[in-house]
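The structure appears right after this line, and notes come after that.
The values are calculated or read from the model by the stated rules, or taken from the named source; none is laboratory data. Everything numeric in this text was worked out from a predicted model, so none of it was measured. Neighbour counts run over all protein chains shown; Cβ positions are idealised from the backbone, glycine included.
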Amino acid sequence: MKLRDLDIIVTAPPAPGWGGRYWILVKLTTDDGIVGWGECYASSVGPDAMRAVIEDVFARHMAGENPENIELMFRRAYSSGFTQRPDLTVMGAFSGLEIACWDILGKARNRPVHALLGGRMNDRIRAYTYLYPLPHHGLDAFWTSPEMAAESALDCVERGFTAVKFDPAGPYTMRGGHMPGMRDISMSVAFCKAIRAAVGDRADLLFGTHGQFTTAGAIRLGQALEPYSPLWFEEPIPPDAVEEMAKVARAVRIPVATGERLTTKAEFAPILRSGAASILQPALGRAGGIWEMKKVAAIAEVYNAQIAPHFYAGPIEWAANIHLAASIPNILMCETIETPFHDQLIGGTIRVEDGFITPPTTPGLGIEVDEGLARAHPYTGDGLHLQMQEDPCNYADGNNFEGGAPAPRD
């Protein structure tokens, strides 16, 4: 069995567009006709440039290779160009292709992917979701309304979720970490207070940030949130300053979580060694793939840390997250996005039920990809999957920031 053909589909989720502006899906076919699906998570270049990178990584390191030889192919990609260090774009390309290899291997052996990773450790996996507007909520008002957030949180809890995430703390800017404005701190506290009042102890609060603060600013914000006991304080400073994040972890009585922008064990291991975070959030379509993150999960065990795979993409990466989660002892929970398009693209083959996910038992990733649906929604824009804000934090008028990919208006 050899890897033979590669096809790449860039699909754009229709409104409200949760999951980013586009998803990069890869389809690999072997010389004996087995098809495997993968997904490359958001990259720092546009989809046309990323398509060329994916094609190059496949042709250079994987074409004609037995899909079993994942370690060999990883080392080729990791070492390409005499680097032997994490490369965000190359690893993003390889990760999606690697996921497709696991899908092929499972189908070839008539076994689910998690059965090939050490077997099924967890029969069901705790799920969490971002708070999204309910149908009667205004898109413009929702992101700065503690009352709407609390209503959305209660709706999630009534559907079975035991954890909800929200990020009201202001803009993610290209300028690096900033000191939060007092209005942003007050808004964050108000969100925590309202959501905690709505859900009580029925759900954990997951406070999301995206590396937008200075060390001092993150500590100042985190300490203000402590009375509401969030389960985590996510990526409080930019991901490239491990020792500074460790200072935040030592100063704030909320567990720090990080990892969505990291790739390979070379970047995750220093986080654990320094005590910068106790919860790791790898994005499997960027971080090196399933096998590399299985290694990271094992390293995390040594540090008594847990894994909560990040997910802001399409359902193929989600399926990969679930198979990893099914196979490791230190899974905390998995992020989810529930939209009709996510569900339809994989034919409803994996779903959240009463706040938990049951890992599939069918071969490979256990999903049925609707290729026609993916091709029927091509991406025609010129933005990146997620984008940083250029304007600085607005200290005079406050901030109403909808994230790196605001919902499109119909």
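I'd like to check something: does segment 137-157 contain any residue that is under 24 Å from Ile24 (Cβ atoms), of a type in the set (Val, Ile, Thr) and touching a residue at least 60 places away in the same chain (Cβ under 8 Å)?
Initial filter on segment 137-157 (under 24 Å from Ile24 (Cβ atoms)): none.
So far as segment 137-157 goes, no, none of its residues is under 24 Å from Ile24 (Cβ atoms), of a type in the set (Val, Ile, Thr) and touching a residue at least 60 places away in the same chain (Cβ under 8 Å).
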(request) Within segment 311-333, track down each residue that is within 20 Å of Gln344 (Cα to Cα) and not polar (S, T, N, Q). (result) Phe311, Tyr312, Ala313, Gly314, Pro315, Ile316, Glu317, Trp318, Ala319, Ala320, Ile322, His323
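Can you say whether Ala313 is in contact (Cβ under 8 Å) with a residue 12 or more places away in the chain and either in contact with a strand residue (DSSP E or B) (Cβ under 8 Å, 6 or more places away or on another chain) or at negative phi (or both), as far as the supplied structure shows? Working first, answer last.
On the way: in contact (Cβ under 8 Å) with a residue 12 or more places away in the chain: yes; either in contact with a strand residue (DSSP E or B) (Cβ under 8 Å, 6 or more places away or on another chain) or at negative phi (or both): yes.
Answer is yes for this residue.
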(message) If I ask for residues that are charged (D, E, K, R), touching a Lys or Arg at 6+ places or on another chain (Cβ under 9 Å) and not in a loop (DSSP other than H, G, I, E, B), which ones from segment 268-296 would you list?
(response) Glu292, Lys295
(request) Pick out the one residue from Ala42, Ala49, Ala77, Ala93 that is closer than 22 Å to Arg261 by Cα, touching a His at 6+ places or on another chain (Cβ under 8 Å) and part of a helix (DSSP H, G or I). (result) Ala77
(message) What pairs come out if I take residues in segment 244-271 that are free of Cβ contacts under 8 Å to residues at least 40 places away in the same chain and pair them with residues that are surrounded by fewer than 21 Cβ atoms within 10 Å (Cβ to Cβ) and among the polar types (S, T, N, Q) whose C-beta lies under 7 Å away, six or more apart or interchain?
(response) Glu244/Thr215; Ala246/Ser274; Lys247/Thr215; Val248/Thr215; Val252/Gln223; Pro255/Ser278; Val256/Ser278
(message) Of everything in segment 316-355, what is farther than 26 Å from Ala407 by Cα, out of contact with any Cys (no Cβ under 7 Å at 6 or more places or on another chain) and not in a loop (DSSP other than H, G, I, E, B)? Give them in sequence order.
(response) His323, Leu324, Ala326, Ser327, Ile331
(request) Look at segment 113-130 and say how many of its residues are touching a residue at least 60 places away in the same chain (Cβ under 8 Å) and buried (at least 18 other Cβ atoms within 10 Å of the Cβ). (result) 10
(request) Filter segment 22-35 down to residues that are surrounded by fewer than 22 Cβ atoms within 10 Å (Cβ to Cβ) and within 27 Å of the chain's Cα centre (by Cα) and give me whichever is nearest to Gly106 (Cα to Cα). (result) Val35
(message) Conditions first: (1) modelled with pLDDT of 95 or more; (2) touching a helix residue (DSSP H, G or I) at 6+ places or on another chain (Cβ under 6 Å). Arg124 passes all but one, so which condition is the exception?
(response) (2)
(message) For the structure I just gave you, tell me whether Leu386 is under 24 Å from Lys165 (Cα atoms), under 19 Å from the mean Cα position of the chain (by Cα) and crowded, with 21+ Cβ neighbours inside 10 Å.
(response) no
(request) Give segment 394-404 a look and list any residue that's surrounded by 15 or more Cβ atoms within 10 Å (Cβ to Cβ) and either farther than 22 Å from Arg261 by Cα or modelled with pLDDT of 90 or more (or both), or say none. (result) Asn394, Tyr395, Gly398, Asn399, Asn400
(request) Hey, can you tell me all the residues within segment 11-33 that are assigned to a loop (DSSP other than H, G, I, E, B), in contact with a strand residue (DSSP E or B) (Cβ under 7 Å, 6 or more places away or on another chain) and of a type in the set (A, V, I, L, M)? (result) Ala12
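Is it the case, given these coordinates, that Glu71 is outside any loop (DSSP other than H, G, I, E, B) and in contact with a Gly (Cβ under 6 Å, 6 or more places away or on another chain)? Full working, then the answer.
Working: outside any loop (DSSP other than H, G, I, E, B): yes; in contact with a Gly (Cβ under 6 Å, 6 or more places away or on another chain): no.
Spelling it out, it is not the case that Glu71 is outside any loop (DSSP other than H, G, I, E, B) and in contact with a Gly (Cβ under 6 Å, 6 or more places away or on another chain).
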(message) So, in segment 52-67, how many residues would count as being part of a helix (DSSP H, G or I) and over 18 Å from Glu317 (Cα atoms)?
(response) 9
(request) Can you confirm whether segment 339-349 contains a residue that is surrounded by 15 or more Cβ atoms within 10 Å (Cβ to Cβ), in contact with a Lys or Arg (Cβ under 6 Å, 6 or more places away or on another chain) and in contact (Cβ under 8 Å) with a residue 60 or more places away in the chain? (result) no
(request) Specify the residue that is surrounded by the fewest Cβ atoms within 10 Å (Cβ to Cβ); the eligible residues are those in segment 362-374 that are over 23 Å from the mean Cα position of the chain (by Cα) and either in a loop (DSSP other than H, G, I, E, B) or touching a residue at least 40 places away in the same chain (Cβ under 8 Å) (or both). (result) Thr362
(message) Restricting to segment 301-315, and then to whatever is out of contact with any helix residue (DSSP H, G or I) (no Cβ under 6 Å at 6 or more places or on another chain) and either acidic (Asp, Glu) or part of a helix (DSSP H, G or I) (or both), can you tell me which residue is nearest to Gly19 (Cα to Cα)?
(response) Glu301
(message) Residues to consider are Asp410, Asp391, Asp354; find the one that is modelled with pLDDT under 90 and either farther than 26 Å from Gly170 by Cα or more than 22 Å from the chain's Cα centre (by Cα) (or both).
(response) Asp410
(message) Can you find, within segment 213-253, the residue that is nearest to Pro171 (Cα to Cα) among those that are among the aromatic types (Phe, Trp, Tyr) and in contact with a helix residue (DSSP H, G or I) (Cβ under 8 Å, 6 or more places away or on another chain)?
(response) Phe213
